[in-house]
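First up is the structure itself, then whatever we jot down about it.
The values are calculated or read from the model by the stated rules, or taken from the named source; none is laboratory data. What you see is a predicted model; the values in this text were computed from it and never measured. Please note: Cβ atoms are built from the backbone with ideal geometry, for glycine as well, and neighbour counts cover all protein chains shown.
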Amino acid sequence: MDRVEIVSNILNDSKVYDKIAEALGIELNNDSYIFREIEEYVVEQYDEMDNNRPTDKCGNCNNEVFNQVFCCRTCSLEYYA
């Protein structure tokens with residue numbers, strides 16, 4: 001099962017589309033292409049979020065870091081020099 005199908009199953013099983021349609025007062029057209037577009041968009045946005053996650057390596061020397069870009073001031077200064 002691909003990731004778009006996984007998102008589709010989650011949204012359908014939790015009746016998200018039905019709840020949105022009810023809240024907006026519109027009738028669903030189950031043949032609409034919009035559902036696939038929404039599901040693909042969700043996967044793309046999660047991929048982007050994952051790709052923008054800070055790395056756990058120093059941007060200068062590749063030492064392990066925690067919640068920061070550089071492991072020390074020296075690496076920071078060397079990187080921007």
Among the numbered criteria (1) of a type in the set (A, V, I, L, M, F, W, C); (2) out of contact with any Lys or Arg (no Cβ under 7 Å at 6 or more places or on another chain); (3) closer than 30 Å to Ala81 by Cβ, which one does Val42 miss? (3)
Qualifying position, being surrounded by 10 or more Cβ atoms within 10 Å (Cβ to Cβ) and either in a loop (DSSP other than H, G, I, E, B) or in contact (Cβ under 8 Å) with a residue 60 or more places away in the chain (or both), among Ser76, Ser32: Ser32
The range 10-67, residues that are at pLDDT 90 or above and on the phi > 0 side of the Ramachandran plot: Lys15, Gly25
Failed condition for Cys71, given (1) in a loop (DSSP other than H, G, I, E, B); (2) over 25 Å from the mean Cα position of the chain (by Cα); (3) without any contact (Cβ under 8 Å) to a residue 12 or more places away in the chain, with all others met? (3)
Output for the range 1-29, where each listed residue is loosely packed, with under 11 Cβ neighbours inside 10 Å, among the aliphatic types (A, V, I, L, M) and in a loop (DSSP other than H, G, I, E, B): Met1, Ile26
